[in-house]
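> Just dropping this structure here.
The values are calculated or read from the model by the stated rules, or taken from the named source; none is laboratory data. Note that the structure is predicted; figures quoted are calculated from it, not measured. In this analysis, Cβ positions are derived from the backbone assuming ideal geometry, glycine residues included, and neighbour counts consider all displayed protein chains.
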Amino acid sequence: MWKWLGLPCLTLVVAAHASAQGPTPKAIPDEPTCPRCTITMRTVVTLGTEDGLGSLNGRPMSVNVDARGRWWVFQELEPPTVFSATGVVDRMIGRKGSGPGEFQSANTGIVVGDSMLVFDWLASRATMVEPDLKAGRTMRIQQNLGDILLLEWPSLLVTHAHVQGSNPANSALHRFSLAGPELQWLGSFGPRGSGGPMGSAEVYQNIGWARNGTWSAYGIRPHFMKWDRTGVMQSSFTRKLDWYTGEKPASLGKPTTPPTPMTGPIIEDSEGLVWLFIHQPSPTWKEGWATAKMMNNREYRSRDIGFDRMFNTYVEVIDPAQGRVVARHTIPGYVFEALPGRRVGMYGEDMLGIPRVRIVQLELNGR
């Protein structure tokens, strides 16, 4: 399953009629307004062992850091793995299974105070893991939830998903509460698709943290929206990039066809600047298919695809208040997670072919 799709398919089609209600999007000009500004990178820690506990079976679904500075890696079809602040593997949380304290596919986790709330997509369950790394209470959730943003615990969280019976119908984004023993939907918002789970692919949104709300972005075109806590659009902007228009259906391609550009993480920093990450086909994209395995003679398993060889990551820093590009940079590698404090998670294989996650600090210099 693609993290950015949240659907068991490898193709995304954008419908011309799928749009969101709200302010007319502001077109942001191309030239950076700070010629002296540069974006630099520094590796903070590297996660992943050669084998055994702490080894990675491909690109993780997500990564997060808890209140004690411990790093949590979430892999498809696995329990979460915890590393120390310096990258030493600590333990796997629980074990694989469906019983208490067990996980079938812990795809993501969010920080709740000094605990980590782990979402298990296959088990339709969220488990609160306490600071001593022991599993606590559980809550029932729906399958197929996408990324989760916490706005106020436990009464307001946001996700992107296909939700049957969403109101308005076929909306891309949803507000929910975990105040009780199971998830309670509070309402839907955002762009609306044509109906059904494949219809939600038409308006798929990446979501990211914003001050007092949520940022969202279309998966294959540079159109970005900010929503308040009630799901009302506050602002919207677009970027014109010659190589990334959203006019072509999104696809990973195939061993003989390059992938299309795709929107990656989006996050607002403490200064109100928005960091956008867009995955560009890399010159080495063909090498990304070298280890891919086809399932059922029609789909490739995402964990076997070399995303680090298939994509580079283009990053822009946007000042949404001024409607300007501040700085931009191309990162040679695959950024799959944006974290607070201008940090990102990058996935790739090292020189020995061992899968690793690097936590990288990004700096905006010269502003």
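> Condition first: assigned to a loop (DSSP other than H, G, I, E, B) and of a type in the set (Lys, Arg). Can you find one or more residues in segment 48-61 that meet it?
Among the residues of segment 48-61, at least one is assigned to a loop (DSSP other than H, G, I, E, B) and of a type in the set (Lys, Arg), which makes the answer yes.
> Right, another one. Of these, 207, 220, which one is assigned to a loop (DSSP other than H, G, I, E, B) and within 28 Å of residue 325 (Cβ to Cβ)?
Testing whether each residue is assigned to a loop (DSSP other than H, G, I, E, B) and within 28 Å of residue 325 (Cβ to Cβ) leaves just 220.
> Just to check your reading of the model, which residue among 251, 282 is over 20 Å from residue 32 (Cα atoms), among the polar types (S, T, N, Q) and touching a residue at least 60 places away in the same chain (Cβ under 8 Å)? First the steps, then the outcome.
On the way: 282 fails: touching a residue at least 60 places away in the same chain (Cβ under 8 Å).
The conditions single out 251.
> Okay, moving on. Suppose we filter segment 344-367 for residues that are surrounded by fewer than 18 Cβ atoms within 10 Å (Cβ to Cβ) and either touching a residue at least 60 places away in the same chain (Cβ under 8 Å) or closer than 18 Å to residue 266 by Cα (or both); how many remain?
Number of matching residues: 7.
Residues checked against (1) surrounded by 19 or more Cβ atoms within 10 Å (Cβ to Cβ); (2) of a type in the set (D, E, K, R); (3) under 28 Å from residue 252 (Cα atoms); (4) at pLDDT 95 or above:
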position	(1), (2), (3), (4)
7	yes, no, yes, no
21	no, no, no, no
49	no, no, yes, yes
64	yes, no, yes, yes
67	no, no, no, yes
76	yes, yes, yes, no
80	yes, no, yes, yes
83	yes, no, no, yes
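> Return the only residue of 118, 82, 88 being over 27 Å from residue 230 (Cβ atoms) and touching a Pro at 6+ places or on another chain (Cβ under 7 Å).
Of the residues listed, the single one that is over 27 Å from residue 230 (Cβ atoms) and touching a Pro at 6+ places or on another chain (Cβ under 7 Å) is 118.
> Moving to a separate point now. What are the residues in segment 296-321 that are within 19 Å of the chain's Cα centre (by Cα) and over 21 Å from residue 243 (Cβ atoms), if any?
The answer is 301, 302, 303, 304, 305, 306.
> Tell me, yes or no, whether segment 155-169 has at least one residue that is more than 20 Å from residue 72 (Cβ to Cβ), free of Cβ contacts under 8 Å to residues at least 12 places away in the same chain and of a type outside the set (Gly, Ala, Ser).
Yes, some residue in segment 155-169 is more than 20 Å from residue 72 (Cβ to Cβ), free of Cβ contacts under 8 Å to residues at least 12 places away in the same chain and of a type outside the set (Gly, Ala, Ser).
> Any chance you could count how many residues in segment 259-279 are more than 16 Å from residue 210 (Cα to Cα), polar (S, T, N, Q) and outside any strand (DSSP E or B)?
The total comes to 1.
> Now for a separate question. Would you confirm whether or not segment 229-242 contains a residue that is touching a Ser or Thr at 6+ places or on another chain (Cβ under 9 Å), of a type in the set (S, T, N, Q) and within 24 Å of residue 147 (Cα to Cα)?
Yes, some residue in segment 229-242 is touching a Ser or Thr at 6+ places or on another chain (Cβ under 9 Å), of a type in the set (S, T, N, Q) and within 24 Å of residue 147 (Cα to Cα).
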